[in-house]
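> A single structure is presented below for examination.
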Amino acid sequence: MERKNITHINIMNISGKSITVEKAYNHFIKLCKEVPYLPQWFVLVCDLFTVLTTFTLTYFICYSLINQSVTIKTFAISAFINLLFTGSFFLLFKTYKGIIRYSTFKDALRLFISLFFANLLLFLVNETFLYVQHRPLFLASIIFIINFTLAFVVLFCSRMFVKVFYDYTRSNSPSSQKGIPMLMYGISTTTVEIAKIIIRSPNLPYKLIGFLVSDLHATDKTLLNVPVYHEKRDIENLLKEERIEALMISPTELERSVKRQIENFCLQYNIELLSTPSLPDTKDQNKSLKKVQKIRIEELLGRVPIEIDVSSIKKSLEGQCVLVTGAAGSIGSELVRQISKFNPELLLLCDIAETPTHLLQLELTEKYPHLKFCPIICDVRNLSRMEYIFKRYNPMFVYHAAAYKHVPLMEEHPCESVLTNVLGTKNVADLANRYQAEVFVMISTDKAVNPSNVMGASKRIAEMYVQTLTQNGQSGNKSDAQKHTRFITTRFGNVLGSNGSVIPRFQEQIEKGGPVTVTHKEIIRYFMTIPEACRLVLEAGNMGKGSEIFVFDMGDPVPIVDLAERMIRLSGYRPYIDIDIEFTGLRPGEKLYEELLNDKEQIIPTHNRKIMIGKVREQDFSKVLKQISSLIIAAESFKNLETINIMKEIVPEFISKNSSL
């Protein structure tokens with residue numbers, strides 16, 4: 001009889017009130033859902049009782065087969081020894097700690113190992129007893145095989161029964177039939193783990209309908225009791241019959257081209273696109289659920305995580321004193337997070353911004369409680385202050401991320417750009433050389449190539465100085481006894497989501513209802529995620545021999561107007577209709593496209609296909625030092641035009657665009 005046909009049948013509850021079978025069934029399901037987790041001691045007691053029961057059955061069956069009587073004393077001793085050994089291994093392997101309703105293969109494996117070793121030890125005790133007393137404690141060796149098999153089968157099946165029953169009650173509860181129908185894209189480890197959480201979580205407003213894959217051979221199967229569908233063959237029926245409203249992807253596992261196809265597909269069918277939390281977060285179910293959210297444009301533009309030589313980097317940084325300048329900035333703070341994982345002896349956080357440094361300090365204290373770090377409020381332009389830091393802590397690895405980077409603003413304040421980007425870099429590099437640091441890594445930019453603005457030119461001058469420190473005998477000191485610092489420069493384009501970047505600006509404009517402002521219809525930029533850029537910085541710093549300029553593979557350039565349109569669509573609006581896009585014209589110092597190398601430079605591949613070495617022209621150290629000294633004097637006198645002219649002498653390819661300077 002179908003459930004809908006029995007809802008009229010009444011039964012009497014304890015209080016005498018009349019309720020329907022349907023209500024009773026739903027009440028029972030609700031009770032099953034609300035059963036709290038069993039205490040660990042209770043699970044252990046139940047497991048030991050099961051072991052005692054199976055041992056009793058095994059013991060009496062074996063004795064009855066050979067028609068021998070059983071004495072209570074012998075049985076009691078045997079049962080006690082069995083419980084003692086089995087309980088000890090249960091405690092050793094913590095078989096009782098798992099949540100029964102969420103039992104996994106690892107839980108079954110722990111049970112198997114515990115019972116195996118317990119019965120193996122029983123066998124050895126029996127053989128020892130036979131050797132010493134000339135009679136066995138147990139009847140025969142077969143008893144251990146039967147006892148092990150029977151105990152494992154009963155314990156395993158009982159756990160599976162609880163798991164299956166719980167999953168069944170959840171999947172058949174009224175609340176599970178509600179929710180937004182959604183698909184999970186792909187059947188990787190991450191997506192399957194997240195799918196399990198979605199199925200088990202009553203707080204999520206989503207109902208998992210199935211998995212969507214591109215491989216036709218993986219379809220027509222079931223996974224977690226839901227079907228696996230093909231993205232092209234089955235999607236039309238899914239949209240009609242199941243009315244799919246959401247699709248969840250794991251952005252870090254997909255190529256950019258695949259993510260673009262999925263994005264277009266979701267926009268075409270008006271499907272909400274969701275992002276999975278990272279796999280480590282799935283260990284905390286509540287934390288994971290909070291992180292299931294609409295996908296961000298950064299995740300669609302980002303690529304598959306870059307592989308780096310983690311073991312080699314850890315070997316270099318572990319137990320070392322590491323200094324990061326600009327530590328509270330977008331790049332600097334991510335460098336700090338990644339370096340923290342390699343157990344440095346001391347991590348120095350140097351930045352002039354007080355509040356961001358304080359916030360970073362709080363974050364590190366929470367996430368890395370055992371990390372030794374020291375926040376330092378300091379301006380890299382202050383040579384005496386920086387020398388105090390080097391003299392006191394003697395850092396071996398220096399990552400120089402402190403810099404001014406906003407192009408239009410630096411066009412208005414060229415002297416400040418020079419004092420921070422050139423003088424600041426010179427100070428830190430000179431001190432790294434003087435105090436014999438092992439590695440100095442400078443964070444540069446693609447705007448240093450054929451610069452059209454003050455910021456890019458200042459970074460190119462800083463590159464030249466850092467490069468000459470190695471090429472020209474470590475600032476003129478050619479003593480072989482001195483330990484030479486490896487000076488390395490890394491050059492890459494825009495990073496997604498950095499402070500003041502285009503994406504946060506677009507998001508703010510969209511939230512306000514528009515318009516979204518783009519400087520030019522044809523402007524394009526290279527983009528890279530902040531974690532991706534920092535991984536490459538660490539890898540380049542580890543592989544560099546000295547004086548190299550490492551150029552990162554930035555992928556394909558992204559038209560900014562295309563980026564704006566995609567962000568508007570992902571927010572649920574129509575470009576130019578719901579939210580307009582306005583073109584404001586190129587800003588001072590801005591050009592339509594950026595380059596990673598100029599026409600006279602070539603690249604050499606490395607073992608990491610994402611990192612190349614740029615073969616730039618060599619500079620004469622004494623000449624560069626003299627020119628930079630004149631530049632700094634002009635900048636300290638706040639003579640803007642003289643500062644710009646000297647910059648153009650040092651960097652002949654520097655041609656100002658859209659600027660009055």
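> Please list Asp379, Asp580, Asp556 from largest to smallest accessible area, probe radius 1.4 Å, with all protein chains kept in place.
Asp556, Asp580, Asp379
> A further question on this structure: Please calculate the 1.4 Å probe accessible area of Phe161, with all protein chains present, and give it to the nearest 10 Å².
Surface open to solvent at Phe161 totals about 140 Å².
> About the Cα centre, and with charges only on the beta carbon of Lys, Arg (+1) and Asp, Glu (-1), how big is the dipole of region 609-661? Nearest 20 debye, please.
380 debye
> Would you please give the residues with an amide H less than 5 Å from that of Tyr576, counting only those at least 5 places away or on a separate chain, with H modeled from the backbone geometry?
Distant-sequence amide H within range of Tyr576: Ile581.
> What does the net charge come to around Ser333 if you take all other residues with beta carbon closer than 11 Å to its beta carbon, with K and R at +1 and D and E at -1?
Result for the neighbourhood of Ser333: -2.
> Accessible area of Phe148, 1.4 Å probe, to the nearest 10 Å²?
Counting only protein heavy atoms, the figure is 40 Å².
> Continuing with the same structure: Amide H of Phe211 versus every other amide H placed in the peptide plane: which residues, excluding those fewer than 5 positions away on the same chain, fall under 5 Å?
Met184, Val228, Tyr229
> Another one. Between Tyr131 and Leu224, what FRET efficiency comes out of the Förster formula 1/(1 + (r/R0)^6) with R0 = 45 Å and r the beta carbon distance, rounded to 0.05?
0.30
> As a test of reading the structure, rank Tyr435, Tyr404 by solvent-accessible area (1.4 Å probe, protein chains only), most first.
In descending accessible area the options line up as Tyr404, Tyr435.
> Another question about this same structure. At 1.4 Å probe radius, can you tell me the per residue accessible area of region 322-388 in Å²?
47 Å²
The values are calculated or read from the model by the stated rules, or taken from the named source; none is laboratory data. It should be emphasised that the depicted structure is a prediction, and the values quoted were computed from it without experimental measurement. We place every Cβ from the backbone using ideal geometry, glycine too, and count neighbours over all the protein chains shown. Note: accessible area is taken over every heavy atom of the protein model, side chains too, but ligands, DNA and RNA are not part of it. Shrake-Rupley method; radii C 1.70, N 1.55, O 1.52, S 1.80 Å.
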